[in-house]
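Data block below; observations after.
Readers should treat all values here as calculations from the given coordinates under stated rules, not as data from a laboratory. Bear in mind the structure is a predicted one, so any value in this text is a computation, not a measurement. All Cβ positions, even for glycine, are placed from backbone atoms using ideal geometry, and neighbour counts span all protein chains on display.
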């Protein structure tokens, strides 16, 4: 370990550091089987607490503010590793564009799960182009809610694996202000400021976040390989007097973010990764992602009485991005893709030498594509809730409606470069619109109805969702960059589907039994006649609390009748977003969560221990395909790629009102990068890894605290993916220290 790492470890040991929160004993609201009256959630929340998650009629998990503050991650991948049933594979080491799977759904660009912020769809174009090239900054989130199984039938359009809802900074009940800053490895820095207040009829909250890094990869030609991201959120609320006969409130939210990241799709060959895993080839020196995101939402809440409420949200999201990156190599008029070159460099030595800068080419050898796209996602949604009580019963009816429109506008081009002595020079500038020049759009009407019945210890929640979707595409062609329509081609696809589900929960003295069955659904593309992805999903589980140990054990089974795969450039495809039928697939698994406080009887200290384990088994039920399909040649019995069979996370925290120290270790099992069975060939495998993170916080005064974080404590060198092209490394040893001031 070099002096740099030793210095950070010594700082960590001498400042077992901590910032803002006084540690308190876990309250009853978060216990497993405590019986409480129904609580009223705000319009943007789904769960609102661990108690609600643990008493739902389906699997759900609530990552609380306290949990988020332990490590104060900026990487959503690291946050979600603690949740059973969630699989991720990393790409850039910083979590800028995560690949998330819930219960075996395809993880690529998190395109097969329902993503929300404050209850509003947040993917760039959730129906027409759901690949999440934008993902909200988890460092500014108050909590994260994860729903799986029958507990998420209200949330769509993707209902197979589940939904993730990110909860942003709430408007406080009284004046609050804080500012924090940190600095660490790779010239990484963070500034985070929050301000808010509330009066009887008015409230506001404002938040600014910047985090950046020079990057941990070494570019052959020199230069940064990191990123710089800004995020601003403002909320304003007006409301009636709390004692008004008909209480109402209106909350206006504004969010803006921008990002510049020197990221690439170009990875490494196996031999280069083994010798120098953090190398970046010379041909990626011009690669850069620029994007900005804008959101407006307005939420009106109307409470007629103690039993009847109505909330309505109008929303508008705009996302613009241009990922300018190496897309191919051309020699003597013959173009080769990056994946093929890196997979077999011995078959393409002239092409590979250009990529690594060992050969010169005067002109037009390196093809850099400007993946220039604009997205709009807008709509209005309303939720009606009515509940009443009987002698031994509780009834709740929830009805939701949403009209939604989204679109993706592609206006792309390819620039050609020469390379001399490892330095690239533009030789032929492309014309915008000549690579892709099309608009994909979707109009969707969604509705659902959910009925909750509580009778003594039994809870039943039958529900049904309806989706009516029209998907379209207008392709103007590469010869009509002015979009006059002379070469216009169009296509359209329509889907109307009912998505039923039912769940139950039964409480015994220290244990509960829950389960459910629901229909899984994922929309198709605009290609006429293409069928939607459908499945039948079952789960059965138990939650328990014995001798201070609490937890849950859940089994699930997803029976796909028509699994759809997507042609994404992020997975080594062409990036057309066309979907293809993978037929019948079975996905089954086991989720285990255990919690125990080793010092539960100590008045001053707590030592909570958490263990989470996920087992996932996948199997194609039919043979299909060819070498040209993204799945490859599939034989019945093959496993799905990109899904680890085994993964677990263990965490320990020593908590005191003045400080806390946190240790988290996560194991991610090996996984395939192509469909197959039996032992995994080395060239189709991402090996398992075990990574340990350490954090500490120390409260110097009531308003001043210190923080320290060490990510990848043992400096594990490991691969995280073979896509988009070649092997990619995970984040190496990364240490940071910080300070926080609160008022």
Which part of the stretch 192-227 falls in the paramagnetic zone of residue 175, meaning amide N under 17 Å from the point 7 Å along Cα-to-beta-carbon? 194-206
Measuring from label point to label point, each 7 Å out along Cα→Cβ, what is the residue 254 to residue 602 span in nm? 4.8
Rounded to the nearest 500, what is the 222 nm mean residue ellipticity of the chain from helices alone, with -39500 (n - 2.57) per DSSP H run of 4+ residues and division by all residues? -1500 deg cm²/dmol
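Rounded, prolate or oblate: which fits the stretch 587-655, taking a ≥ b ≥ c as square roots of the Cα gyration tensor eigenvalues, rounded meaning a/c under 1.5, else prolate when a/b beats b/c?
Values: a/c = 9.18, a/b = 4.08, b/c = 2.25.
The shape class here is prolate.
Kindly put 261, 180, 221 in sequence by how many other C-beta atoms sit within 10 Å of each C-beta, fewest to most. Present the calculation step by step, with values, prior to reporting the outcome.
Details: 261 24, 180 20, 221 17.
Least crowded to most crowded, the residues run 221, 180, 261.
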Measure out, as a whole number of angstrom, how far apart the alpha-carbon centroids of the stretch 359-382 and the stretch 396-430 sit. 3
Once you place label points 7 Å from the Cα toward the Cβ at residue 562 and residue 478, how far apart are they in nm? 3.2
Could you give the distance between the Cα centres of the stretch 202-250 and the stretch 127-141, to the whole Å? 13
Everything considered on the Cα gyration tensor (a ≥ b ≥ c; rounded for a/c under 1.5, else prolate if a/b is larger than b/c, else oblate), the stretch 48-190 must be described as oblate
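Rank these for me by crowding, 302, 514, going from fewest to most other beta carbons within 10 Å. List each step's numbers first, then the result.
Values: 302 15, 514 26.
Ranked by crowding around the Cβ, least crowded first: 302, 514.
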Quick note on 303, 199, ordering by fewest other C-beta atoms within 10 Å, gives 199, 303
What is the mean projected area of the alpha carbon convex hull for the stretch 660-743, to one decimal in square nanometres? 7.6
Cα pair distances of the stretch 585-708 binned at 5 Å [whole percent]: 2, 10, 14, 14, 12, 10, 9, 8, 7, 6, 5, 3, 1, 0
Cα-based Rg and Dmax for the chain, in Å, come out at 25.6, 85
Under a crude label model (7 Å from the Cα following the beta-carbon direction), how far is residue 397 from residue 142 in nanometres? 3.0
Can you tell me how the stretch 195-288 classifies by the Cα gyration tensor, rounded, prolate or oblate, using a/c under 1.5 as the rounded cut? prolate
